[in-house]
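One structure is given here, and the rest of the page talks about it.
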Amino acid sequence: MNIESGVLQAGTIQPGWLSAMWLLEPVPGTVPTLHRIKNLWKPDQYLNIESGVLQAGTIQLGWLSAMWTLSPPVANPTRTILETTYRNPPFNTSSPSWARDLVHGKLLYPSGPTANQIYQVEGWVSRNYTPNEWTQIFNPDEDYEVDAVGLSGRAVVNGNGLSTNDNVFLHPFGTDWEFYIAPDDRYQYLAAPLSNPDLDYDGAKEIAQREFGMQVNNMLGVETDHELIPPGFRAKHGDRVAIWGRWIVDTGHDDFHTEIHPPLLLAAGRATSPDETTTTVIGRPYLVGQRFPSVHYVPGPPPTSFNRVWGL
């Protein structure tokens, strides 16, 4: 805004125009402090709305129409509170079925987790297929991260995030705590297209679009034993998150979705006031293995006690 022509206007200016420069003048005795806004070129010209529209001119000292409240900028919780530009190792995700193809289209529980299928472990391992339920994408036969991936995005958390149905042999630190990430644009390729509909992943995607305005192609899951992350360090719904960890295809589900499972490092941040951000960071203390000594089975249904352990 400037008064170069004698009246208040908006337009292009020259760098040296004093008519486009303004000073904040505190009004004595006001709580909180109000300000008048006067022009540097013509110090008797103040911004006011005495006539009902914004104008510049001479004023009376008591005019409330020429007193202004200064408000701090409002933090935008959907952007830049927490993000990374980490460059991940390359991986070809151009095929819509790349995640399914990586594990040869085979599930850990081939046609549903019946007790007899779970019992015959050696039969699955011999099928040109990794024995890991959480198949690491960069090296399917390894548990440890050969190359951890990193990304940032927005967290979608359903309820308290606690799973109620997990394989007890693979979860010594309790059932999973889990959430979904709507990845930032540069990381959307990490979330594989679903081979079959999944109510949880499809629902999380709809929430990200409706509540946060994020147009994502797919969601990326995050899971880890809940006792490894104290409640105060867990991401909350709507948080900005940055995460590094093991990028996997989950062969326990026929949609072959991808996850960070488990995270190696998780940072979560949120705006707690217009000028304050709270951030938490936690690392992984343990990595749960998926390998067991060779299993020798006897054909036929397993004992009743085995059924109870697996919850079948």
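The values are calculated or read from the model by the stated rules, or taken from the named source; none is laboratory data. Predicted, not measured: the structure shown is a model, and the values here were computed from it. Because the Cβ atoms are built from the backbone with ideal geometry, glycine has one as well, and the counts that use them run over all protein chains shown.
Taking Thr93 as the residue in question, decide whether it is more than 30 Å from Val31 (Cβ to Cβ), part of a loop (DSSP other than H, G, I, E, B), of a type in the set (Val, Ile, Thr) and at pLDDT below 90. Walk me through how you get there before you give the answer.
On the way: more than 30 Å from Val31 (Cβ to Cβ): yes; part of a loop (DSSP other than H, G, I, E, B): yes; of a type in the set (Val, Ile, Thr): yes; at pLDDT below 90: no.
Criteria not met by Thr93.
Check Leu190 against each of (1) surrounded by fewer than 19 Cβ atoms within 10 Å (Cβ to Cβ); (2) of a type in the set (A, V, I, L, M, F, W, C); (3) modelled with pLDDT of 95 or more and name the one condition it does not meet.
(1)
Are any residues in the stretch 185-225 assigned to a loop (DSSP other than H, G, I, E, B) and more than 22 Å from Leu107 (Cα to Cα), and if so, which ones?
Of all residues in the stretch 185-225, those assigned to a loop (DSSP other than H, G, I, E, B) come to 191-198, 213-219.
Residues satisfying the conditions are Gly213, Met214, Gln215, Val216, Asn217.
Kindly indicate whether any position in the stretch 262-273 is crowded, with 23+ Cβ neighbours inside 10 Å, assigned by TED's automatic domain parsing to the domain that holds Asn165 and in a loop (DSSP other than H, G, I, E, B).
no
What's the total number of residues in the stretch 247-290 that are in contact (Cβ under 8 Å) with a residue 40 or more places away in the chain, over 16 Å from the mean Cα position of the chain (by Cα) and under 20 Å from His171 (Cβ atoms)?
14
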